[in-house]
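The values are calculated or read from the model by the stated rules, or taken from the named source; none is laboratory data. A quick note: this is a predicted structure, and the numbers were derived from the prediction, not measured. Neighbour counts are summed over all protein chains in view; Cβ atoms, including those assigned to glycine, are modelled from backbone coordinates with ideal geometry. These area figures cover heavy atoms from the full protein model, side chains too; ligands, DNA and RNA do not enter into them. Shrake-Rupley method; radii C 1.70, N 1.55, O 1.52, S 1.80 Å.
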Amino acid sequence: MNINKLVLNNFRIFRGCHEFDFSNKKLIVLEGPNGHGKSTIFDAINWVISGRISRYSNTNEHKSFNYIMNNNALKNNVKEAFVEVTFNNNLKIKRSINDKANTSLFINDKKVTIRNGEQKIGELLFNEQNLNNQNEYNSKKIISFVESTLILS
């Protein structure tokens, strides 16, 4: 499964809405000076799929709301940040966070609960159908998958 499109809206260093079209690309190389958002693109993919940014999970920064939302947007009373990923099979996952640190998850434009949504993401990404027992589902599998597919993170 490949990513066709990535949309970042007030996510970390990206102020405003930024859309990246990766459709029909076999290799994508991100190049640029330090501090210009290369790692943030990987963070965005990690966050939209798993609900966390792995490189911050063992720091105090993950307890702060503003490590996800753009600081300038927060200062200007922007109420929401989001990341949306569309895959080549037309699966679309969107995760948003508001100024009160409440997150929402959408799969194919339908709002789902975080718990059910993350299970559904696992089913869609790993083709694991009918995971009726929540104990069968291991959210660490998604996180491991995302982290292993990001060459630089």
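Screening the candidates 51, 32 for the property of being touching a helix residue (DSSP H, G or I) at 6+ places or on another chain (Cβ under 7 Å), at positive phi and either free of Cβ contacts under 8 Å to residues at least 40 places away in the same chain or among the aliphatic types (A, V, I, L, M) (or both) yields one hit, 32.
Looking at residue 126, is it modelled with pLDDT of 65 or more and loosely packed, with under 15 Cβ neighbours inside 10 Å? Yes; evaluated as a whole, the condition is true for this residue.
The sole residue among 13, 45, 53 that is closer than 27 Å to residue 126 by Cα and at pLDDT 85 or above is 45.
Within the range 81-105, residues that are open to solvent by 50 Å² or more (accessible area, probe 1.4 Å) reach partners that are part of a loop (DSSP other than H, G, I, E, B) and hydrophobic (A, V, I, L, M, F, W, C) with beta carbons closer than 7 Å, at six or more positions or on different chains, in the pairs 88/1; 89/1.
Before we move on, is residue 116 open to solvent by 20 Å² or more (accessible area, probe 1.4 Å) and either closer than 20 Å to residue 20 by Cβ or at pLDDT 95 or above (or both)? No. Taken across the range 7-24, residues that are open to solvent by less than 80 Å² (accessible area, probe 1.4 Å), part of a helix (DSSP H, G or I) and farther than 26 Å from residue 77 by Cβ do not occur at all. For the range 33-42, taking the residues that are at pLDDT 85 or above and out of contact with any strand residue (DSSP E or B) (no Cβ under 8 Å at 6 or more places or on another chain), the one that is most open to solvent (accessible area, probe 1.4 Å) is identified as 34.
For residue 73, the requirement of being more than 24 Å from residue 27 (Cα to Cα), part of a helix (DSSP H, G or I) and at pLDDT below 90 is met.
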